[in-house]
Amino acid sequence: MRSARWMGLRLAAIVFLIFAAFQSISFYVERLWFASLGFESVYWYRLRTQALVFLIAGGASTLALWILFRLVMPPAGHGQRPLLRIGQEAIVIPTVDVLKRLALPVAIIIGVFIGLSLGADWNRFALLMNSEPSTGVADPIFGRPLSFYFFTLPVLEAIAGWLLGISGIVLVASILLAATDMTARFRGVSLEVSLFLLAVAWRTYVGRFGLLLSPIFAAAAMSLSSVSVITNALRLRLTKV
């Protein structure tokens, strides 16, 4: 058992080293290309911003997932099913102690992928960090300045998507854990449903600002204005002055 575990760790280390080698070659070639154009400082700024976004997003995701996994974990001594049957297949369910030990590694792996995903979208965070407060005219509907729509709103949308993804992952985990509970206590599921609905509410709240930038609503507004002009013209034509 221990030899198989070490073999798996060695294989994972080899795969990581191969991936890191190819990525380092890509970084080196890209740095040379930026340097040939005289924009090497831009290349290093992009790398620093990507690394910063990756560390913050990955760390926050790992911490949030680990805490939520522990909250939805069934208590020790609960009525756990020994097997979970799906059709003709019987799946052995790990004990609570094993699940608690797996919570942190799983949270780290998912956090790394989330950090990589948000780090690839570094430009919207860079725009917010380098933006200047706008003192221009605000929009007549929500009263927000133009800088909010160009710099702040994309980051808020990314945070809303992050919260929705985190709550969705833990909701699935809580449902799977509740299926192993013979006493059918859905404390973790109810907690995660509440967090998931809060994330949906935040996503809906942030999404309303994007409606002003949607070309569909802009086309609908122009069509309605044309309908209003034509209707008023016809009304004036039929009205005796």
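The values are calculated or read from the model by the stated rules, or taken from the named source; none is laboratory data. None of the values given here were measured: they were computed from a predicted structure. Reconstructed Cβ throughout: ideal geometry from the backbone, glycine too, with neighbour counts over all protein chains shown. These area figures cover heavy atoms from the full protein model, side chains too; ligands, DNA and RNA do not enter into them. Shrake-Rupley method; radii C 1.70, N 1.55, O 1.52, S 1.80 Å.
Structure above, values below:
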item: Members of the stretch 98-126 found to be outside any helix (DSSP H, G or I) and either loosely packed, with under 13 Cβ neighbours inside 10 Å or among the small types (Gly, Ala, Ser) (or both), listed by number; result: Ala120
item: Residue within the stretch 168-191 that is of a type in the set (Ser, Thr, Tyr), modelled with pLDDT under 75 and open to solvent by 70 Å² or more (accessible area, probe 1.4 Å) present; result: yes
item: Hey, Phe39 within 29 Å of the chain's Cα centre (by Cα) and either more than 26 Å from Ala158 (Cα to Cα) or surrounded by 11 or more Cβ atoms within 10 Å (Cβ to Cβ) (or both) or not; result: no
item: Meets criteria (open to solvent by 60 Å² or more (accessible area, probe 1.4 Å), out of contact with any Phe, Trp or Tyr (no Cβ under 7 Å at 6 or more places or on another chain), modelled with pLDDT of 75 or more and not in a loop (DSSP other than H, G, I, E, B)) for Arg237; result: no
item: Complete set of residues in the stretch 127-156 that are in a loop (DSSP other than H, G, I, E, B), of a type in the set (Ser, Thr, Tyr) and open to solvent by 40 Å² or more (accessible area, probe 1.4 Å); result: Ser134, Thr135
